Amino acid sequence: MNVAILGLGGNLGDPRELMAEAIRQLATDPGIVLESVSALYRTPPWGKTDQPAFLNAAVKVETSLSARQLLDTILAVEKELGRERKERWGPRTIDIDILLYGDARVDEPALEIPHPRLKERAFALAPLIDVAPDAEFSGRPARVWLAESDSGGMIRLAEPGWERG
């Protein structure tokens, strides 16, 4: 089994419910065991700023799936929940990224682990630290990356357990 940290986000429809449903669907996969869920955060948009604020969270899972198989599973869940890929960094109903997959470094078409922009994204780092406080990547603790990132406007909305309603 491998430990993976997945980042979840969305800003269209009911992102809180869509993320909760994504977590439920992932947990039903026989190759995935849900370990923990982060707090829920509201964050300003990143990259493309003329859109609604996002909700973000992270989950820690144990998985027997390869990184590629995990990505395929995630993409299927996104599709089931109405994800349409129209615009890079644009609004979306649900987005699920593999932030970390154990200590693996993966560089394949459409799959790069650790996530290539993780170290500059407070909206992904804060939830990641909730579920993996001692996480390290790219030679440094995630906490150091978070301290150096822009967390302005990020608000912790709900404590872990929010996904259970």
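The values are calculated or read from the model by the stated rules, or taken from the named source; none is laboratory data. This is a predicted model, so every value here is computed, not measured. Quick reminder, even Gly has a Cβ in these numbers, built from the backbone with ideal geometry, and neighbours come from all protein chains shown.
What number of residues within segment 12-43 satisfy the criterion of being assigned to a loop (DSSP other than H, G, I, E, B), surrounded by 16 or more Cβ atoms within 10 Å (Cβ to Cβ) and not charged (D, E, K, R)?
3
For every residue, the table says whether it meets (1) of a type in the set (A, V, I, L, M, F, W, C); (2) surrounded by 19 or more Cβ atoms within 10 Å (Cβ to Cβ); (3) touching a residue at least 24 places away in the same chain (Cβ under 8 Å).
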site: A58; (1), (2), (3): yes, yes, yes
site: I94; (1), (2), (3): yes, yes, yes
site: A104; (1), (2), (3): yes, no, yes
site: A110; (1), (2), (3): yes, no, yes
site: I113; (1), (2), (3): yes, yes, yes
site: R117; (1), (2), (3): no, no, no
site: A126; (1), (2), (3): yes, yes, yes
site: R140; (1), (2), (3): no, no, no
site: L157; (1), (2), (3): yes, no, yes
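Just to be sure before I move on: is I98 β-branched (V, I, T) and either touching a Phe, Trp or Tyr at 6+ places or on another chain (Cβ under 7 Å) or in a strand (DSSP E or B) (or both) in the structure I sent?
So I98 passes the test.
Determine if segment 49-63 includes at least one residue that is in a loop (DSSP other than H, G, I, E, B), within 21 Å of I155 (Cα to Cα) and touching a Phe, Trp or Tyr at 6+ places or on another chain (Cβ under 6 Å).
no
Might you let me know whether segment 72-79 holds any residue that is in contact with a Phe, Trp or Tyr (Cβ under 6 Å, 6 or more places away or on another chain) and among the hydrophobic types (A, V, I, L, M, F, W, C)?
No: segment 72-79 contains no residue that is in contact with a Phe, Trp or Tyr (Cβ under 6 Å, 6 or more places away or on another chain) and among the hydrophobic types (A, V, I, L, M, F, W, C).
Criterion first (among the β-branched types (V, I, T), at pLDDT 95 or above, within 16 Å of L99 (Cα to Cα) and touching a helix residue (DSSP H, G or I) at 6+ places or on another chain (Cβ under 9 Å)) does V37 satisfy it?
For V37, the condition - among the β-branched types (V, I, T), at pLDDT 95 or above, within 16 Å of L99 (Cα to Cα) and touching a helix residue (DSSP H, G or I) at 6+ places or on another chain (Cβ under 9 Å) - is met.
Against the conditions (1) assigned to a strand (DSSP E or B); (2) in contact with an Asp or Glu (Cβ under 7 Å, 6 or more places away or on another chain), where does H115 fall short? Just the number, please.
(1)
Would you please name the residue that is nearest to the chain's Cα centre (by Cα), looking only at residues in segment 128-138 that are part of a loop (DSSP other than H, G, I, E, B) and touching a residue at least 40 places away in the same chain (Cβ under 8 Å)?
Per the criteria, the residue is A132.
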